[in-house]
Amino acid sequence: MAQKLNSKYQIIFTEEATEKIQEILKRYGLEMFPKISLEKIKEAKSSEEKESLFEGLPGRVLAKTVKELAEDKIKIKDSISMLEKKLNIPNDKAEKLARDIEKEVLIYAKKIPIEKEAPPTEPSEITLTPEKTSATPNVVSSEIKPKEKTPPPKSEAKDDTYRESIE
């Protein structure tokens with residue numbers, strides 16, 4: 001499972017991370033995908049409703065929390081209240097769950113630098129055109145267009161001075 005981290009890193013979780021998440025869910029009496037929830041998802045009429053139900057599944061909540069912790073978007077102390085609310089569990093259980101995630105799952109998150117994109121191979125022309133609107137007079141917009149390829153000039157047939165003529 002690969003996730004982007006800002007624009008400099010990509011987070012990759014190993015298979016062990018998934019196994020640890022499943023172990024932790026079992027340890028706390030939570031199912032990855034409860035049958036009742038899966039039935040509700042199947043019965044949902046709109047894709048928005050299905051997505052909302054899917055996001056509430058314990059396995060999905062835990063996976064999203066792990067991702068946000070690995071990306072440093074949230075801290076452990078913030079994840080405790082989030083787990084408590086989303087999984088509907090007591091605060092002490094959520095705190096232990098968050099600590100177990102930190103100790104057992106985050107060690108499998110690898111930060112890999114993302115390679116920068118190569119610059120365009122063909123030169124581009126930047127065209128600036130003034131745009132006038134009532135809100136912003138004298139605004140200049142730019143448009144980048146690939147430079148048009150021009151065919152090489154055709155040369156007229158000339159005698160080759162280095163070659164003997166065939167007669």
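Here, each number is a calculation from the coordinates, and none is a lab measurement. Remember, it's a predicted structure, so these values are computed and weren't measured experimentally. Cβ sites come from the backbone with ideal geometry, for glycine too, and all protein chains shown count toward neighbours.
Observations on the structure shown:
- Verdict on VAL61 being assigned to a helix (DSSP H, G or I), β-branched (Val, Ile, Thr) and touching a strand residue (DSSP E or B) at 6+ places or on another chain (Cβ under 9 Å): no
- Every condition in (1) in a helix (DSSP H, G or I); (2) in contact (Cβ under 8 Å) with a residue 60 or more places away in the chain is met by SER37 except one, and the failing one is (2).
- Scanning region 74-111 for residues that are over 21 Å from GLU31 (Cβ atoms), touching a residue at least 24 places away in the same chain (Cβ under 8 Å), out of contact with any Phe, Trp or Tyr (no Cβ under 9 Å at 6 or more places or on another chain) and of a type in the set (D, E, K, R) yields one hit, GLU102.
Residues are listed down the side, and each one gets a yes or a no for (1) over 17 Å from ARG99 (Cβ atoms); (2) surrounded by fewer than 16 Cβ atoms within 10 Å (Cβ to Cβ); (3) not hydrophobic (A, V, I, L, M, F, W, C):
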| position | (1), (2), (3) |
| --- | --- |
| ILE21 | no, no, no |
| LEU25 | no, no, no |
| MET32 | yes, yes, no |
| SER37 | yes, no, yes |
| LYS42 | yes, yes, yes |
| GLU51 | yes, yes, yes |
| ASP72 | yes, yes, yes |
| LYS75 | no, yes, yes |
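- Count of region 90-110 residues which are buried (at least 18 other Cβ atoms within 10 Å of the Cβ), closer than 12 Å to LEU62 by Cα and within 25 Å of the chain's Cα centre (by Cα): 3
- Matching option when the condition is in a helix (DSSP H, G or I) and either in contact with a Leu (Cβ under 9 Å, 6 or more places away or on another chain) or not aromatic (Phe, Trp, Tyr) (or both), among LYS85, LYS73: LYS85
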